[in-house]
Amino acid sequence: MSKTFNKLTSFLVGTALAATVASAAGGELQKVMKARGLTENDVIRAAKTYNPTGGRDEFIVFSSGGQSGQVIVYGVPSMRILKYIAVFTPEPWQGYGYDVDSLKILRQGNIRGREINWGDTHHPALSEKDGKYDGRWLAINDKANPRIAIIDLHDFETKQITVNPVFKSAHGGAFFTQNSDYIIEAAQYAAPFDNFYHPIEEYKETYRGGVTMWKFNYKKGRIIPKDSFTIEMPPYMQDLSDAGKGVSDGWGFTNSFNTEMYTGGIEVGMPPNEAGMSRNDTDFLHVYNWKKLAKIAKNKKNVKIVNGHKIIPMSVAVANNALFLIPEPKSPHGVDVSPDGEYITVCGKLDTHASVFKWSKIKKLIKNKKYVGRDPYGIPILDMKSSLHGQIELGLGPLHNQYSNVKGEIYTSLYVDSQIVKWNYLTLKVLDKENVHYNVGHLAGMEGKSADPQGKYIISLNKLAIDRFQNVGPLHPQNHQLIDISGKTMDLLVDMPLPLGEPHQAVAIRASKLNPHVRYPMGTNSKTGKIHVGKTLAGQERIERRNAKGKIDPKGKFVTIYATFVRSHINPERITVNKGDEVKIYMTNLERAQDETHGFTVDGFDVHSSLEPGETTEMKFIADIEGVFPYYCTEFCSALHLEMMGYLMVKDPKKTYVSAKKLKMKTMTTAELKAEYKKTVAVNDATDAVIQSVVAFLKENKFGEHKVVADLVTDAFDQYGQIPAQKKLADAEYKKGNIEKAILFENMIWQLMVKTADVGIRAKDALVRLVATKQSSSAQAGERAFGEGGCSGCHVIGKVSSGPDLTGVLQRHENGEKWVTNFIMNPEKMMHDPYVKAMIDVYNLKMPNQHMNKKETKDIIEYLKWIDTNANLF
Ligand code: RUQ
Ligand code: CUA
């Protein structure tokens, strides 16, 4: 490990960087470094991982959430968490498991009719085309309750959970084949395929291992169980798997431990499992031709049906030359196929070596039927030596591998040594080692297991954090460490604590390959992708009461509410039902604006739904207790979010209720009401004038040519378009003399106008940025300094605020640039200038000294020049 070289270059670069930045920031950086005890190397590493606000990451990582049963999404290099995707476990924020539609997905994971509400997510896999990630689907397995879930990367939601009908645990999944035709899932602990009792003494006869090939419909993004099959395997503990690709496409590789078929029995005086299961020097790498087996499985004669699922017996696979074993060093762990498919690296775990098998050698042995023997189940065994490209000593506890963009370059985790080794699987040479903290399991390279690895970074997924973070009690977070692999040697950049289960494995993809939606087509059931039966548009909101036959019936016990959500009200706002009624609420979020999610709950009923723009969901419960239950929007969606509420009132039909005596309260006189009405209308007219000026500006500058702006304008008009209906109601009430109600409707108009103006102004700002001339980097820095240095506290461009509008300020004075520069840097010295004096009188304020340095002042001048060139836009 050439650490000295590494440190030296970093130091030189670091000093140079620090010097430039320091001279620019007047030693500010050095001050911060000193105060925080940072070295130059630290600063470089920080700069390599820092994302300024609004900045994006180059890669997106999908990490298993371990025992949380979820998937964790974060960015690289910033290591900022972006999302937890609910998969096998209820997740309240997303409403997963708390509304009817998501509960249906969660319940697909029932095993033998029983609810399972957790999962041990292990291996996420991204869908592939020609072995390359395409960013469309994500699959992940549950080791504890053998299941595979499919997540749609258009909305990052779980769409399907498939239970393995014959396995009792499953570790070696999920792995896509190179064109996503199948997903591989290998069993872990051998067990009977059926659901009956079989004594452990009959282990060899009745317990089985296996590999399930799940047929995947890429277009729909669903597993098709009826077209899937399991390859029966001996009761060895099948472990990790990988699909062949390129030259080895069509084949699968799964390694194993406990080929001893030891079954322990501490309680009856036998040595424990760990002793017996690691007795032999070698275990078996299973090599199978899944493409051939998929064809064979189509013929009924070749399969056995267990629990409604197709099994290809070992004998059939062997008779068709589709299943082989190769000895591998004992109790191995990772098996990883190289980007071209020619090399298969198996790590030793209990052995300090990695073994690199060569596909062309294996293929030849298979073709020539050169076997060294058969296992007790009749499976042909290939000679280990003749299958190997070579072996290499890496260190203690080698586990998992990832590839980089450099040919032959491979990275391996060393669990016991707590190190990452960089080596070459072609030349079998170790190139570098890096310490990690501590006990690394998997590694995540950037597309590092695809046919197109990107290099740049490796993430070390450590099992233990020990002393790396603030002590938060005996249960520590796990630690993901980001390592820069772009240089000659590795450089550990940053730690990320993950407090959500043991994240086993992660896969990373270029962010540019992901294409998620920002909204759903109106009324979508996101779980099915179809229009929801409960889709409700504005004006269609209603409450229906039906009988058991589904007929409208005022005496029925089934109440259906068709509700809509839009800033900032829920329609309806009052729901009264009888105790014992079955209440079903369909909810549609009418918003089309990006990120305008509403949430919904009825207090006390253990229900929650998250409604993304355009989404419809369903909620169901029995109103089995009497009382008054507020319901409300659970996302802080708007300034009037707290007002986004209503009441569910449950009355007992067996009770008689005595009305409360009405309180006498002072009411307004007609004259007072009329005055308030007039004032409200006047405010609305003034607000509308502002909106019209923004609209005129948007039209003049052809907003339609810019998608971002056009989307915002659509959203603004969604709000504005609701005004005429409210106006009609207001006018009608006024005519009838209901001035109080007329005022309320006028108020609603004002709310809609404020929302319109809010988005309209955002659209205008976005448009200004798009049509204005490009800012020089100095003007950009100037705008930042203007904002952060406090100038914007008093000066608003294009408007007179608590200070004068600065548009044209450079023209207002002779030698304008110099004048403004002096005024910014030494305002005190110019207080007697007659112009400044006059300004002080007008604004009742003195220009303060904001202690801008020369560079900042110069940048601000550039920014002011940019404003002048684009003065027509402000
Ligand atoms: S396996 S730490 Cu569960 Cu992926 Cu190796
Ligand atoms: Cu909608 Cu808060």
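The values are calculated or read from the model by the stated rules, or taken from the named source; none is laboratory data. Source: prediction; values computed, not measured. Counting neighbours? That spans all protein chains shown, and the Cβs are built from the backbone with ideal geometry, glycine included.
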Problem set entry | Selection from the stretch 446-455 of residues that are at positive phi and either touching a residue at least 60 places away in the same chain (Cβ under 8 Å) or within 16 Å of ligand 1 (Cβ to nearest atom) (or both) | GLU447
Seminar exercise, completed: Just one listed residue, out of GLY803, GLY782, is in contact with a Leu (Cβ under 9 Å, 6 or more places away or on another chain), among the small types (Gly, Ala, Ser) and either exposed (fewer than 15 other Cβ atoms within 10 Å of the Cβ) or assigned to a helix (DSSP H, G or I) (or both), and it is GLY782
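For the structure I just gave you, tell me whether THR667 is among the β-branched types (Val, Ile, Thr) and crowded, with 19+ Cβ neighbours inside 10 Å. Working first, answer last.
On the way: among the β-branched types (Val, Ile, Thr): yes; crowded, with 19+ Cβ neighbours inside 10 Å: no.
Taking the combined requirement at face value, the residue does not satisfy it.
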Exercise. Taking the stretch 269-310 only, how many residues are hydrophobic (A, V, I, L, M, F, W, C), at pLDDT 90 or above and not in a loop (DSSP other than H, G, I, E, B)?
Worked result: 9
Problem set entry | Total residues in the stretch 619-644, condition surrounded by fewer than 21 Cβ atoms within 10 Å (Cβ to Cβ) and either assigned to a strand (DSSP E or B) or within 16 Å of ligand 1 (Cβ to nearest atom) (or both) | 8
Exercise. Scanning for something in a strand (DSSP E or B), under 16 Å from GLN402 (Cα atoms) and in contact (Cβ under 8 Å) with a residue 40 or more places away in the chain, does the stretch 484-497 turn up at least one residue?
Worked result: yes
Exercise. Is there a residue in the stretch 407-430 that is under 25 Å from GLY65 (Cα atoms) and more than 16 Å from ligand 1 (Cβ to nearest atom)?
Worked result: no
For this session: Quick one: which residue in ARG45, ARG36 is buried (at least 21 other Cβ atoms within 10 Å of the Cβ), modelled with pLDDT of 95 or more and among the basic types (Lys, Arg)?
Result: ARG45
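Only one residue in THR601, THR669, THR617 is over 18 Å from THR524 (Cα atoms), of a type in the set (Val, Ile, Thr) and within 16 Å of ligand 2 (Cβ to nearest atom). Which one? Break it down stepwise before answering.
Details: THR669 fails: within 16 Å of ligand 2 (Cβ to nearest atom); THR617 fails: over 18 Å from THR524 (Cα atoms).
Going through THR601, THR669, THR617 in turn, the sole match is THR601.
Taking the conditions exactly as written (surrounded by 15 or more Cβ atoms within 10 Å (Cβ to Cβ) and out of contact with any helix residue (DSSP H, G or I) (no Cβ under 8 Å at 6 or more places or on another chain)), does THR687 satisfy them or not? Full working, then the answer.
Details: surrounded by 15 or more Cβ atoms within 10 Å (Cβ to Cβ): yes; out of contact with any helix residue (DSSP H, G or I) (no Cβ under 8 Å at 6 or more places or on another chain): no.
No.
Among what's in the stretch 474-491 and is under 19 Å from PRO398 (Cβ atoms) and either surrounded by fewer than 17 Cβ atoms within 10 Å (Cβ to Cβ) or within 24 Å of the chain's Cα centre (by Cα) (or both), pick the residue that is nearest to ligand 1 (Cβ to nearest atom).
Taking the stretch 474-491 as the starting set, the residues that turn out to be under 19 Å from PRO398 (Cβ atoms) are 481, 483, 485, 490.
Now drop any that are not either surrounded by fewer than 17 Cβ atoms within 10 Å (Cβ to Cβ) or within 24 Å of the chain's Cα centre (by Cα) (or both), which leaves 481, 483.
On the way: GLN481: 15, ILE483: 17 Å.
So the residue we want is GLN481.
Could you please find all residues in the stretch 311-329 being touching a His at 6+ places or on another chain (Cβ under 8 Å) and in a helix (DSSP H, G or I)? Spell out the reasoning first.
So in the stretch 311-329, the residues touching a His at 6+ places or on another chain (Cβ under 8 Å) come out as 323-325, 329.
If the condition is that a residue be touching a His at 6+ places or on another chain (Cβ under 8 Å) and in a helix (DSSP H, G or I), then no residue fits.
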Seminar exercise, completed: Those residues of the stretch 224-260 which are more than 16 Å from ligand 1 (Cβ to nearest atom) and either in the same structural domain as LYS449 (by TED's automatic domain parsing) or of a type in the set (Phe, Trp, Tyr) (or both) amount to PHE229, TYR236, TRP251
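Yes/no per residue for (1) away from ligand 2 (no atom under 16 Å from the Cβ); (2) surrounded by 18 or more Cβ atoms within 10 Å (Cβ to Cβ):
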residue	(1), (2)
GLY95	no, yes
TYR98	yes, yes
ARG112	yes, no
HIS122	yes, yes
Exercise. Going by the conditions given, is VAL768 surrounded by 14 or more Cβ atoms within 10 Å (Cβ to Cβ) and over 30 Å from ARG567 (Cα atoms)?
Worked result: no
For this session: Return yes when ALA639 is assigned by TED's automatic domain parsing to the domain that holds PHE600 and within 16 Å of ligand 2 (Cβ to nearest atom) and no when it is not.
Result: yes
Problem set entry | Breaking point among (1) of a type outside the set (Val, Ile, Thr); (2) touching a residue at least 60 places away in the same chain (Cβ under 8 Å); (3) crowded, with 20+ Cβ neighbours inside 10 Å, for PRO327 | (2)
Problem set entry | Verdict on LYS661 being more than 30 Å from VAL771 (Cα to Cα) and among the basic types (Lys, Arg) | yes
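I'd like the full set of residues that are surrounded by 10 or more Cβ atoms within 10 Å (Cβ to Cβ), of a type outside the set (Val, Ile, Thr) and over 18 Å from GLY793 (Cβ atoms), limited to the stretch 829-845.
Going through the stretch 829-845, the residues surrounded by 10 or more Cβ atoms within 10 Å (Cβ to Cβ) turn out to be 829-831, 833, 835-840, 842-843, 845.
Applying the additional criterion that residues be of a type outside the set (Val, Ile, Thr) yields 829-831, 833, 835, 837-839, 843, 845.
Those that are surrounded by 10 or more Cβ atoms within 10 Å (Cβ to Cβ), of a type outside the set (Val, Ile, Thr) and over 18 Å from GLY793 (Cβ atoms): LYS829, MET830, MET831, ASP833, TYR835, LYS837, ALA838.
Going by the conditions given, is SER360 polar (S, T, N, Q), touching a residue at least 60 places away in the same chain (Cβ under 8 Å) and either farther than 19 Å from ASN255 by Cβ or in the same structural domain as SER338 (by TED's automatic domain parsing) (or both)?
On the way: polar (S, T, N, Q): yes; touching a residue at least 60 places away in the same chain (Cβ under 8 Å): yes; either farther than 19 Å from ASN255 by Cβ or in the same structural domain as SER338 (by TED's automatic domain parsing) (or both): yes.
Here the answer is yes, as SER360 does meet what is asked.
Yes or no, residue by residue, for (1) in a strand (DSSP E or B); (2) of a type in the set (Val, Ile, Thr); (3) crowded, with 24+ Cβ neighbours inside 10 Å; (4) touching a Leu at 6+ places or on another chain (Cβ under 6 Å):
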position	(1), (2), (3), (4)
ASP417	no, no, no, yes
ALA451	no, no, no, no
GLY455	no, no, no, no
ILE459	yes, yes, yes, yes
ALA465	no, no, no, no
VAL472	no, yes, no, no
For this session: Considering only the stretch 361-381, state which residues are in a loop (DSSP other than H, G, I, E, B), surrounded by 12 or more Cβ atoms within 10 Å (Cβ to Cβ) and at negative phi.
Result: LYS370, TYR371, VAL372, ASP375, TYR377, ILE379
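Is it true that some residue in the stretch 205-212 is outside any strand (DSSP E or B), of a type in the set (Ser, Thr, Tyr) and without any contact (Cβ under 8 Å) to a residue 12 or more places away in the chain? Walk me through it before giving the result.
Initial filter on the stretch 205-212 (outside any strand (DSSP E or B)): 205-207.
Subsequent filtering for residues that are of a type in the set (Ser, Thr, Tyr) retains 206-207.
After this cut, where a residue has to be without any contact (Cβ under 8 Å) to a residue 12 or more places away in the chain as well, the list is none.
Looking through the stretch 205-212, none of the residues is outside any strand (DSSP E or B), of a type in the set (Ser, Thr, Tyr) and without any contact (Cβ under 8 Å) to a residue 12 or more places away in the chain.
Confirm whether LEU537 is more than 16 Å from ligand 1 (Cβ to nearest atom) and within 25 Å of PHE175 (Cβ to Cβ). Talk me through it step by step, then tell me what you get.
Details: more than 16 Å from ligand 1 (Cβ to nearest atom): yes; within 25 Å of PHE175 (Cβ to Cβ): no.
Answer is no for this residue.
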Exercise. In the stretch 202-223, what count of residues is obtained for those that are more than 16 Å from ligand 1 (Cβ to nearest atom) and within 18 Å of ALA139 (Cα to Cα)?
Worked result: 12
Seminar exercise, completed: Among TYR647, TYR631, the single one that is touching a Leu at 6+ places or on another chain (Cβ under 6 Å) and under 22 Å from ARG545 (Cβ atoms) is TYR631
For this session: Examine the stretch 700-710 for a residue that is surrounded by 17 or more Cβ atoms within 10 Å (Cβ to Cβ), touching an Asp or Glu at 6+ places or on another chain (Cβ under 8 Å) and assigned to a helix (DSSP H, G or I), and state whether such a residue exists.
Result: no
For this session: Working carefully through the options ASP731, ASP715, find the one that is assigned to a helix (DSSP H, G or I) and either in contact (Cβ under 8 Å) with a residue 24 or more places away in the chain or in the same structural domain as GLU626 (by TED's automatic domain parsing) (or both).
Result: ASP715
